[in-house]
1. Exactly one condition in (1) at positive phi; (2) modelled with pLDDT of 90 or more is false for Gly51; which is it?
2. Within segment 12-35, can you find the residues that are in contact with a Leu (Cβ under 8 Å, 6 or more places away or on another chain) and small (Gly, Ala, Ser)?
3. In segment 20-47, how many are in a loop (DSSP other than H, G, I, E, B) and of a type outside the set (D, E, K, R)?
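The values are calculated or read from the model by the stated rules, or taken from the named source; none is laboratory data. What you see is a predicted model; the values in this text were computed from it and never measured. Neighbour counts run over all protein chains shown; Cβ positions are idealised from the backbone, glycine included.
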Amino acid sequence: MFGIGMQELVIVLVIALIVFGPGKLPDLGSSVGKAIKDFKRSMAEPEEKPGELTEAKKNENKKE
C-alpha cells in the first residue's frame with residue numbers, strides 16, 4: 001500500500017541528479033552505503049556498559 005514503485009523511484013533519482021549533479025552522485029551513493037554498513041555493524045555488536053573493557057580492548061591496552 002505504501003511501497004515505493006518504479007515511477008516514484010525514477011522521480012527521486014531525477015531530482016537527485018538535478019540537485020547534486022552527475023559528478024557528486026557516486027560520492028553520495030558511496031557515503032550512504034558506508035553509513036548503512038556501519039549502522040548495521042553497530043546494531044549487530046553487543047552493547048558495552050560504560051567502563052567495561054572487552055577482550056580486544058584489554059589486549060590493546062597490554063600491547064601499549
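1. Only one criterion in (1) at positive phi; (2) modelled with pLDDT of 90 or more is unmet by Gly51, namely (2).
2. Correct list: Ala16 only.
3. Count: 4.
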